[in-house]
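Notes for the one structure printed next.
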Amino acid sequence: MTATTNDSTAGSTEELKTHEVLLSDVAADKVRSLLEQEGRTDLRLRVAVQPGGCSGLIYQLYFDERQLEGDAVRTFEGVDVIIDKMSVPYLAGASIDFEDTISKQGFTIDNPNAGGSCACGDSFH
């Protein structure tokens, strides 16, 4: 996993914050592939933690063209991963990967901060 940290944004004097989430090379390749399919090079992968699910918290992964005040940003193999300031502590040290097997296809998050998850595997606490 290769990461670079952005220190400034064009037209902005505010220093960008970084986060500790890792994106695997396989996941970065999948994100780039999805962005190419959409024809959108202006989008970033946003990762967030939201209230919900039977264990209390759920992950949200989606493409976003916005960058909000307080967002933490890190670039992996040309893919910007953005996390809002409220989600950063919940995701510190987490790893995002992509699985493509006969039994499972999709992004996975290995989060050392999750105390447990529900039986369906969609939420954590």
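Quick notes on this one:
- Annotation: lysines with alpha-carbon distance below 24 angstrom to K85 (same-chain offsets under eight excluded): K17.
- Modelled spin-label separation between D110 and D29, with each label point placed 7 Å from Cα along the Cα-to-Cβ direction: 1.8 nm.
- Cα gyration tensor shape for the range 20-108, rounded if a/c is under 1.5, else prolate or oblate: oblate
- Taking every protein chain into account, the accessible area of the range 20-108 amounts to 54 square angstrom per residue (probe 1.4 Å).
- Mean Cβ count within 10 Å, highest first, over the residues of peptides 26-37, 73-84: 73-84, 26-37
- Between the residues Y59, L45, L35, the greatest Cα displacement towards the positive end of the dipole of the range 20-108, with unit charges on the Cβ of Lys, Arg, Asp and Glu, is found for Y59.
The values are calculated or read from the model by the stated rules, or taken from the named source; none is laboratory data. Keep in mind the model is a prediction, meaning the values are calculated, not measured. For neighbour counting, all protein chains shown are included, and Cβ atoms are generated from backbone atoms with ideal geometry for every residue, glycine included. Side chains are part of the model used for accessible areas, which takes the heavy atoms of the whole protein and leaves out ligands, DNA and RNA. Shrake-Rupley method; radii C 1.70, N 1.55, O 1.52, S 1.80 Å.
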